[in-house]
Amino acid sequence: MEKILIIDFGGQYNQLIARRVRECNVYCEVKPWTTPLAELRAMDPIGIIFTGGPNSVYLDSSPRVDQSIFTWGIPILGICYGCQLMAHALGGEVTPAQDNSAREYGKTLTYYDTSCKLFRGLPSEGVSWMSHGDYMAKVPEGFILTAHSDACPNVAIADEARGFYGVQFHPEVNHTQGGVDMIRSFLCEVCHAKGDWTMGDYKNIAIAQLREKIGQGKVLLALSGGVDSSVAAALLAEAVGPQLTCVFVDHGLMRLNEGDEVEEAFSKWDLNFVRVDAESRFLLKLAGVDEPERKRKIIGEEFIRVFEEEARKVGAVDFLAQGTIYPDVIESGAGEAAVIKSHHNVGGLPDYVDFKEIVEPLRMLFKDEVRQLGRELGLPEYLVSRQPFPGPGLAIRIIGDITKEKADRLRQADYIFREEMDRAGEDKRLNQYFAVLTNTRSVGVMGDGRTYDYTLALRAVTTSDFMTADWARIPYDLLDKVSGRIVNEVKGINRIVYDITSKPPATIEWE
Ligand code: XMP
């Protein structure tokens, strides 16, 4: 199988490069810059990409490559630090840019030489995303300049005879117009990739790798019913089914039918599926608690206790599997950020479970790739395209103290709202929607009698990354229908409001 190797110099966007290569239907692997050349050669790639990185090539301590990589005869695309590294290694000169005002950060109007293979067929100017403080003062012999900006004459270089290309900007980020086309040109025009790799191939490779790693070992996975843990479970089921135990802890704060749906989806695999009905246990711990962070802590801790108990029943476990995906890896690295809400991804690491190693088969994938993989594995669409659902579940959508009665009412109301939204096709347009049971009661009139019941809030948002969000403009008629159905069908709710705050200043969830 044709493959591209991405040599990682520690840049922020390295997995994004890998993702773009996969988008072009070419298989790739990211390797640390310390990987010996012989190992890279043994992998028999058709091309190499050097990533960006935080260092300056002119410092002795900076990452380097084995100089013979340049006489191997393989095409190389250097991005940002990767471009400077190539220039430096091949006799060019890289200097700090302060000296010549060519530091560039952010969106930059860039002019391309469209006779260069990398830019062929693209407009001769466009915005590119720059983030560099160093500057290629002298281009190495054999290279020509193929792009410039107003501030910097040396934005891209090429030695087409040797198949070496370098760009100072980041073609992998969305802000670079035509960036993916440039990567595709490198893959297809320079490396002659056929571009016939699919997510089905990814699945097969991942299964083979899991089999090799796990051998005859036992694997334990906490299944939440969310997309990530479900896809990880399905992949492991396919790879080592009978050795896998999936523990699904139903804390009684799931959405309507959720537990049955998850169990049903996994019934086709030969694996050990443990469904723990822990509703009463969780509700007991939560009784009378109304402070959101306390609720989250109690649920997170109790979840781990239940999980540990189940793990002990399974016995000596060799591997603990987790559905960590790439954005989680990045987010957990952002250690300085203030804690707005302590997120419990059900499946947080227990302290006492006796296991030898962790497996995270989705660690390199982005969310939409995980969904695609789930489809390849034959998971039902309702699981694969599921909206995010917080680990603490309905506990943080019931404002104030939690009772079973409130949870049941919210479950019903939430189901009606989601059902009507899906029927109206809003599921294609919006990113998340759900109902919240507020702690406010108000007076109403039903039949000829007075009511004094709860107010339910509806929340629907559009967002690309869930870090910021806008409230969704859904049709009044739809709101009307939902409101009518809920007050008629769900006992104890007599008033419906629609949340019209964006994030920030609000958050998506109410607690
Ligand atoms: P907020 O409310 O912080 O939510 O704007 C952003 C996104 O995160 C989801 N969310 C959680 N997900 N565990 C999770 O796995 C949690 O504790 C949690 N809290 C919020 C929320 O549904 C939204 O998609």
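Every residue in the range 360-383 that is within 14 Å of residue 325 (Cβ to Cβ), away from the ligand (no atom under 16 Å from the Cβ), at pLDDT below 95 and not in a loop (DSSP other than H, G, I, E, B), please.
Selection gives 369 alone.
Taking residue 203, is it closer than 26 Å to residue 365 by Cα and charged (D, E, K, R)?
So residue 203 fits the description; yes.
Cβ-Cβ under 9 Å, sequence separation 6+ or interchain: first residue in the range 476-494 and assigned to a helix (DSSP H, G or I), partner among the polar types (S, T, N, Q). Which pairs?
Within 9 Å, the pairs are 486/412; 487/494; 489/412.
Within the range 48-60, can one find any residue that is under 18 Å from residue 147 (Cβ atoms) and not hydrophobic (A, V, I, L, M, F, W, C)?
Yes, there is a match, as at least one residue in the range 48-60 is under 18 Å from residue 147 (Cβ atoms) and not hydrophobic (A, V, I, L, M, F, W, C).
When only residues in the range 175-205 that are of a type in the set (A, V, I, L, M, F, W, C) and out of contact with any Leu (no Cβ under 6 Å at 6 or more places or on another chain) count, which is surrounded by the most Cβ atoms within 10 Å (Cβ to Cβ)?
That would be 187.
Among the numbered criteria (1) crowded, with 23+ Cβ neighbours inside 10 Å; (2) at pLDDT 95 or above; (3) in a loop (DSSP other than H, G, I, E, B), which single criterion is violated by residue 154?
Among (1) crowded, with 23+ Cβ neighbours inside 10 Å; (2) at pLDDT 95 or above; (3) in a loop (DSSP other than H, G, I, E, B), residue 154 violates only (2).
If residue 140 passes every condition in (1) under 13 Å from residue 83 (Cα atoms); (2) at pLDDT 95 or above; (3) part of a strand (DSSP E or B) but one, which one does it miss?
So residue 140 meets the others, but not (3).
Taking the condition in a strand (DSSP E or B), within 16 Å of the ligand (Cβ to nearest atom) and either touching a residue at least 60 places away in the same chain (Cβ under 8 Å) or not acidic (Asp, Glu) (or both), does residue 459 pass?
So residue 459 fits the description; yes.
Please enumerate the residues belonging to the range 276-296 that are in contact (Cβ under 8 Å) with a residue 12 or more places away in the chain and either under 20 Å from residue 439 (Cβ atoms) or touching a Cys at 6+ places or on another chain (Cβ under 9 Å) (or both).
282, 283, 285, 286, 287, 288, 289, 290, 292, 293, 295, 296 - these are the residues of the range 276-296 that are in contact (Cβ under 8 Å) with a residue 12 or more places away in the chain and either under 20 Å from residue 439 (Cβ atoms) or touching a Cys at 6+ places or on another chain (Cβ under 9 Å) (or both).
What's the number of the condition residue 48 fails, among (1) among the aliphatic types (A, V, I, L, M); (2) within 30 Å of the chain's Cα centre (by Cα); (3) under 28 Å from residue 133 (Cβ atoms); (4) surrounded by fewer than 17 Cβ atoms within 10 Å (Cβ to Cβ)?
Answer for residue 48: the failing condition is (4).
Among the residues of the range 205-245, write down those that are in a helix (DSSP H, G or I) and either of a type in the set (Val, Ile, Thr) or in contact with an Asp or Glu (Cβ under 7 Å, 6 or more places away or on another chain) (or both).
Matches in the range 205-245: 205, 207, 214, 227, 231, 240, 241, 242.
For residue 424, state whether it is under 27 Å from residue 467 (Cα atoms) and either modelled with pLDDT under 95 or surrounded by fewer than 19 Cβ atoms within 10 Å (Cβ to Cβ) (or both).
Criteria met by residue 424.
How many of the residues making up the range 170-204 are modelled with pLDDT of 95 or more, closer than 26 Å to residue 82 by Cβ and outside any loop (DSSP other than H, G, I, E, B)?
The qualifying residues number 12.
Out of 430, 437, 478, I need the residue that is surrounded by 13 or more Cβ atoms within 10 Å (Cβ to Cβ), more than 26 Å from the chain's Cα centre (by Cα) and within 16 Å of the ligand (Cβ to nearest atom). Which one?
So the residue among 430, 437, 478 that is surrounded by 13 or more Cβ atoms within 10 Å (Cβ to Cβ), more than 26 Å from the chain's Cα centre (by Cα) and within 16 Å of the ligand (Cβ to nearest atom) is 437.
Filter the range 238-263 down to the residues that are of a type in the set (Asp, Glu) and either in contact with a Ser or Thr (Cβ under 9 Å, 6 or more places away or on another chain) or touching a residue at least 12 places away in the same chain (Cβ under 8 Å) (or both) and list them by number.
Answer for the range 238-263, where residues must be of a type in the set (Asp, Glu) and either in contact with a Ser or Thr (Cβ under 9 Å, 6 or more places away or on another chain) or touching a residue at least 12 places away in the same chain (Cβ under 8 Å) (or both): 238, 250, 258, 261, 263.
Just wondering, is there one or more residues in the range 441-448 that are within 16 Å of the ligand (Cβ to nearest atom) and closer than 15 Å to residue 492 by Cα?
No, the range 441-448 contains no residue that is within 16 Å of the ligand (Cβ to nearest atom) and closer than 15 Å to residue 492 by Cα.
Pairs under 7 Å by beta carbon, first residue more than 15 Å from residue 7 (Cα to Cα) and crowded, with 17+ Cβ neighbours inside 10 Å in the range 19-30, partner of a type in the set (Phe, Trp, Tyr) and modelled with pLDDT under 95, six or more apart or different chains?
Pairs found: 25/197; 26/197.
Only one of these is modelled with pLDDT of 95 or more, assigned to a strand (DSSP E or B) and within 16 Å of the ligand (Cβ to nearest atom): 282, 248, 273. Name it.
None of the others qualify; the one that does is 248.
Go through (1) surrounded by 20 or more Cβ atoms within 10 Å (Cβ to Cβ); (2) more than 30 Å from residue 326 (Cβ to Cβ) and name the single condition residue 390 misses.
Answer for residue 390: the failing condition is (2).
Cβ-Cβ below 7 Å, separation at least six or inter-chain, first residue in the range 387-402 and closer than 14 Å to residue 227 by Cα and within 9 Å of the ligand (Cβ to nearest atom), second assigned to a loop (DSSP other than H, G, I, E, B) and β-branched (Val, Ile, Thr): which pairs?
391/346
The values are calculated or read from the model by the stated rules, or taken from the named source; none is laboratory data. Every value quoted in this text rests on a predicted model; they were computed, and no experiment measured them. Virtual Cβ from ideal backbone geometry, glycine too; neighbours counted across all protein chains shown.
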